[in-house]
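Participant: Just passing along the structure, written as C-alpha cells.
The values are calculated or read from the model by the stated rules, or taken from the named source; none is laboratory data. Just so it is clear, the model here is predicted, and its values are computed rather than measured. Cβ atoms come from the backbone with ideal geometry, glycine included; neighbour counts cover every protein chain shown. For accessibility, only protein heavy atoms count, side chains too; no ligands or nucleic acids. Shrake-Rupley method; radii C 1.70, N 1.55, O 1.52, S 1.80 Å.
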Amino acid sequence: MATILTSSQQTFVDITDQRKLSAYITSNLPKTQSEDPNVLPHTYAPSWASTNLKLTPVIFLDQTSVPLSSTGLTIQWKRRDGNASETALVTGETASGGVLTVKQNVLASSASGMITYLCYISYYDSETKNTVNISSDITYTLVKNAENARLAYVTSDTYVFKYNTSSTLVGASQATLTAQVQGVTISKWQYKNSSGKWADYPTTTDNANITSGTLVVKPAHAVFVSNVAQIKLLTSDSNVYDTVTISKLYDGAKGDQGGKGDPGTAGKGGLSIILGNEAQTIACTAAGVVQAAVDVTIPFTGYVGITQTACTCTPGTLPSGVTLKSNTAATATAAGSVVLTFAANGTLGSKTTYNGVIELSFTLSGATIKKNFAWSKSVRGSNGTSAVVFSVYAPNGTVVQNQSGSLQLATSAYSGTTAITTGTYQWAKYVSGTWTNISGATASTLTVNGSDIVNVQSYRCTMTYSSKNYVDVITVEDKSDPYVSEMLSIGGFTVKNNLGGVVPYIIVRTNQKEVDPLMGNISETAPSSPASGDYWYQVDHSGKKVTLMKYNGSAWKAATEKQSLTYTWYAQDKDGNAMTFGKTGKVIYLSAADIDSLVTLQCDVSK
C-alpha cells in the first residue's frame with residue numbers, strides 16, 4: 001500500500017453574473033458561559049462584564065473580503081432567547097460599525113439559558129446593480145455548575161513561548177495561569193521535575209506566593225524539562241486538581257549549502273498542536289457516575305514552526321455519556337475549540353473506570369497529528385479509601401530527531417500520597433486505528449526506539465491494581481523534515497459562466513527543497529527551439545486534457561516517462577459530497593463543466 005507523504009486541497013469556483021454574498025461570525029470568547037451557584041453573588045466564567053463579548057461578521061462577495069466600512073453594506077443585529085421570537089437588542093448589548101459588543105452577563109437573566117445573536121446583512125453590488133441579502137447567527141449557552149460539586153480548572157493566556165531561528169524569544173514573554181475552583185480552596189502550584197515527580201513551584205520574584213489563584217510562568221523559570229513545563233494546581237481536596245502544559249517552540253534552524261561553509265536559508269519549523277486543556281477532572285458520585293452535566297472546552301492552536309496555522313480537529317471514539325457539542329476550526333489568528341458534554345449519570349465506560357483518554361486528530365498543512373485529552377473522575381468515596389492516580393510520562397522528553405536514538409516512557413502511580421509498587425503493567429501501541437499489546441512490555445517503563453516513530457506515535461499503559469484497571473496514554477513525535485505540498489493552478493481558481501477551464505498542478509517540498517519537480521513547461525503552445533529529450537505539458541482546451549510530451553529531436557510525441565511520485569486526486573461537490581473524479585498525475589485539466597458552482601479538489605502525494 002502506497003505511503004501518503006502529504007496532501008493539499010483547493011477550492012475552485014464558477015462565478016456567475018449574480019455574485020454570491022457569504023458571511024460568518026467570529027467571537028472573542030467561548031460560546032459557553034458557566035455559572036457558579038456556590039458563591040453569592042453568583043460568578044460567571046468568562047465574565048462578559050469584565051471581558052466584553054465582541055461579535056464580528058466576516059463578509060465575502062464571491063472570494064473577495066468585504067470590509068465592514070464598505071459603501072452599500074448595511075448590518076443589523078437582533079437577538080433570540082431560546083426558541084422565542086427574535087427581538088431588538090437589550091441593555092448591555094450595543095452595535096457599532098457592524099460589531100456587536102455585549103457588556104453584561106445577559107445569560108444570567110435568560111429564561112432558557114440560551115441566547116442566539118442574529119446578524120442581518122444587506123449589500124448593494126455596484127458591479128451587477130443588485131442588492132444581496134443574507135443572515136448569519138451564533139448561539140451562546142449558560143451552564144450552571146452543580147451545587148457543592150468539587151472542581152478545579154486552570155486557563156492560561158498563552159500556552160507557548162516562541163523562539164526564532166536565532167533562538168531569540170519572540171511573542172509572549174510570560175504566561176499567566178488563572179485557577180477557577182468550585183467547592184474547594186487553592187492549596188498551591190506545583191511542576192513536574194526531570195524525575196517525573198511533582199514539586200512545589202520554585203519561589204521567584206514574579207510570584208509573591210504559590211498559593212494564590214494566579215501563577216506567572218516565564219521561560220527562565222527552572223520548570224522546563226525538554227522545553228515542556230507541566231504545571232499542576234492542588235486544592236484542599238487531594239482528588240480535585242488540574243494540570244496545564246506550557247511549551248517552548250523553536251523555528252527551524254539554518255542549514256548549510258553542500259558543506260561549502262555558506263549559511264543556508266532558514267529551515268521550516270515542524271508541525272505542532274498546542275492544547276489549551278489537556279486534562280479535566282469530572283465530579284462524580286460515590287457510585288462512579290457523573291454527578292451533574294458539564295461542558296468541557298478544549299481550545300487548540302496549530303503551528304508550523306512558530307507560525308500559527310489554520311487547522312481542524314476530529315475527535316475519536318467518545319466514552320458512553322460523552323457527546324460532541326461543538327467543533328470550531330482554528331485559523332491563522334484565532335484558536336479553535338472542541339466542546340464535549342459529559343451527561344449527568346454517565347458512566348464514562350463503566351462505573352469502575354476512573355480515568356481515560358479521548359483521541360483528537362488534527363489536520364494542518366496537509367498532515368495529521370494526534371493528541372490525547374485525558375479525563376478522570378473525582379469521586380467522593382463512601383468508605384474513605386484513597387483515590388488512585390496513574391499517569392504516563394517521558395522523563396527525557398517526547399521528541400526524537402529524524403527517527404534516531406530512543407525515548408524512555410515511565411509511569412507514576414499513587415494511592416493517596418503513597419506510591420504504588422504492587423501494580424502490574426501492559427504497554428500497547430496504536431497502529432492503523434487499533435491498540436495492539438506489545439509483547440513482553442509488562443514493566444512499569446518502556447524504551448521506544450526512534451526508528452519506530454513515524455511522525456507521531458501513541459503508546460498506552462494499563463496498570464492493574466486492586467482488581468481495577470487504570471489507563472493513561474502518551475504521544476511521542478519525530479521531528480523529521482516533513483513533506484509539504486501546495487496546489488497551484490494555471491488560469492487561477494475561478495471560471496465564469498461555465499466556460500473554459502484551468503490547469504491545477506502540485507508542488508512538493510521537503511526541508512525547503514522541491515522534490516519531483518515539473519519535467520517541463522505548462523502551456524498551450526510548444527516551446528520554441530527545443531532540444532532532444534525536452535519535455536512539455538501540452539494544455540488542450542478543446543480536448544479538456546493535459547498531456548506530457550517529449551521532443552525526439554524532430555517532433556513532439558506523447559511521453560512514456562512519469563513523475564517519480566504518485567498523485568491521486570479526489571473531488572467534493574458544493575455540498576461536500578464525494579464526486580467521481582478519475583484524473584491522475586502531477587498536472588491535470590479541470591474543465592468548467594466539472595464545476596457545479598463550486599468544487600474542492602484534494603491531491604494525495606505518495607511514493
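Participant: Looking at (1) open to solvent by less than 40 Å² (accessible area, probe 1.4 Å); (2) at pLDDT 90 or above; (3) in contact with a Gly (Cβ under 7 Å, 6 or more places away or on another chain), find the lone condition where residue 549 falls short.
Facilitator: So residue 549 meets the others, but not (3).
Participant: If only one of 34, 47, 70 is of a type in the set (Ser, Thr, Tyr) and touching a Leu at 6+ places or on another chain (Cβ under 8 Å), which one is it?
Facilitator: The unique qualifying residue is 34.
Participant: Say we look at the stretch 564-603 and pick out the residues that are open to solvent by 70 Å² or more (accessible area, probe 1.4 Å) and hydrophobic (A, V, I, L, M, F, W, C); which of these is nearest to the chain's Cα centre (by Cα)?
Facilitator: 578
Participant: Taking the stretch 173-193, which residues are closer than 27 Å to residue 308 by Cβ and at pLDDT 90 or above?
Facilitator: 173, 174, 175, 176, 177, 178, 191, 192
Participant: Against the conditions (1) over 38 Å from the mean Cα position of the chain (by Cα); (2) aliphatic (A, V, I, L, M); (3) not in a strand (DSSP E or B), where does residue 519 fall short? Just the number, please.
Facilitator: (1)
Participant: A further question follows. Can you confirm whether the stretch 456-476 contains a residue that is among the small types (Gly, Ala, Ser), assigned to a strand (DSSP E or B) and in contact with a helix residue (DSSP H, G or I) (Cβ under 7 Å, 6 or more places away or on another chain)?
Facilitator: no
Participant: From the set of residues in the stretch 259-300 that are β-branched (Val, Ile, Thr) and either under 21 Å from residue 165 (Cα atoms) or part of a loop (DSSP other than H, G, I, E, B) (or both), which is modelled with the lowest pLDDT?
Facilitator: Going residue by residue through the stretch 259-300, those that are β-branched (Val, Ile, Thr) are 265, 273-274, 281-282, 285, 289-290, 294, 296-298.
With the extra rule that they be either under 21 Å from residue 165 (Cα atoms) or part of a loop (DSSP other than H, G, I, E, B) (or both), the set shrinks to 265, 273-274, 285, 289.
On the way: 265: 38, 273: 85, 274: 84, 285: 78, 289: 87.
If we take residues in the stretch 259-300 being β-branched (Val, Ile, Thr) and either under 21 Å from residue 165 (Cα atoms) or part of a loop (DSSP other than H, G, I, E, B) (or both), then 265 is modelled with the lowest pLDDT.
Participant: Check the stretch 497-508 and report whether any residue there is under 35 Å from the mean Cα position of the chain (by Cα), modelled with pLDDT under 85 and not in a loop (DSSP other than H, G, I, E, B).
Facilitator: no
Participant: Only residues in the stretch 286-297 that are touching a residue at least 40 places away in the same chain (Cβ under 8 Å) count as the first member; pair them with residues that are among the acidic types (Asp, Glu), Cβ under 9 angstrom, at least 6 apart or cross-chain, and list the lot.
Facilitator: 292/147
Participant: Another question about this same structure. Could you check, for the stretch 42-64, whether at least one of its residues is at pLDDT below 90, open to solvent by 40 Å² or more (accessible area, probe 1.4 Å) and touching a helix residue (DSSP H, G or I) at 6+ places or on another chain (Cβ under 8 Å)?
Facilitator: Scanning the stretch 42-64 turns up at least one residue that is at pLDDT below 90, open to solvent by 40 Å² or more (accessible area, probe 1.4 Å) and touching a helix residue (DSSP H, G or I) at 6+ places or on another chain (Cβ under 8 Å).
Participant: Cβ-Cβ below 8 Å, separation at least six or inter-chain, first residue in the stretch 52-73 and within 13 Å of residue 97 (Cα to Cα) and of a type in the set (Lys, Arg), second open to solvent by less than 30 Å² (accessible area, probe 1.4 Å) and outside any loop (DSSP other than H, G, I, E, B): which pairs?
Facilitator: From residues that are within 13 Å of residue 97 (Cα to Cα) and of a type in the set (Lys, Arg), the pairs are 54/100; 54/101; 54/102.
Participant: Out of the residues in the stretch 103-151 that are open to solvent by less than 20 Å² (accessible area, probe 1.4 Å) and among the aromatic types (Phe, Trp, Tyr), which is modelled with the highest pLDDT?
Facilitator: Taking the candidates together, the pick is 117.
Participant: Scan the stretch 493-525 residue by residue and report those that are among the hydrophobic types (A, V, I, L, M, F, W, C) and open to solvent by less than 30 Å² (accessible area, probe 1.4 Å).
Facilitator: 495, 502, 503, 506, 507, 508
Participant: Taking the stretch 316-335 only, how many residues are among the aliphatic types (A, V, I, L, M) and either on the phi > 0 side of the Ramachandran plot or out of contact with any strand residue (DSSP E or B) (no Cβ under 9 Å at 6 or more places or on another chain) (or both)?
Facilitator: Residues meeting the conditions: 0.
Participant: Quick check on the stretch 188-201: of everything there that is surrounded by fewer than 17 Cβ atoms within 10 Å (Cβ to Cβ) and hydroxyl-bearing (Ser, Thr, Tyr), which residue is farthest from the chain's Cα centre (by Cα)?
Facilitator: Once the filter is applied, the top-ranked residue is 195.
Participant: Of all residues in the stretch 526-546, which are crowded, with 16+ Cβ neighbours inside 10 Å and over 21 Å from residue 584 (Cβ atoms)?
Facilitator: 530, 534
Participant: Find all pairs meeting these conditions: Cβ atoms under 6 angstrom apart; at least six residues apart or on different chains; first residue within the stretch 541-561 and of a type in the set (Val, Ile, Thr); second residue in a loop (DSSP other than H, G, I, E, B).
Facilitator: 546/589
Participant: Go through the stretch 86-125 and count every residue that is among the polar types (S, T, N, Q), over 14 Å from residue 31 (Cα atoms) and touching a strand residue (DSSP E or B) at 6+ places or on another chain (Cβ under 7 Å).
Facilitator: Residues meeting the conditions: 6.
Participant: Out of curiosity, is residue 89 farther than 30 Å from residue 492 by Cα and either surrounded by 12 or more Cβ atoms within 10 Å (Cβ to Cβ) or of a type in the set (D, E, K, R) (or both)?
Facilitator: Yes: the conditions hold for residue 89.
Participant: Given 347, 368, 353, which one is more than 21 Å from residue 296 (Cβ to Cβ), surrounded by fewer than 20 Cβ atoms within 10 Å (Cβ to Cβ), hydroxyl-bearing (Ser, Thr, Tyr) and at pLDDT 75 or above? Reasoning before the result, please.
Facilitator: On the way: 347 fails: more than 21 Å from residue 296 (Cβ to Cβ); 353 fails: more than 21 Å from residue 296 (Cβ to Cβ).
Matching residue, one of 347, 368, 353: 368.
Participant: Still on this structure, I have one more. When you look at residue 230, is it under 25 Å from residue 282 (Cα atoms) and open to solvent by less than 20 Å² (accessible area, probe 1.4 Å), yes or no?
Facilitator: The answer is no for residue 230.
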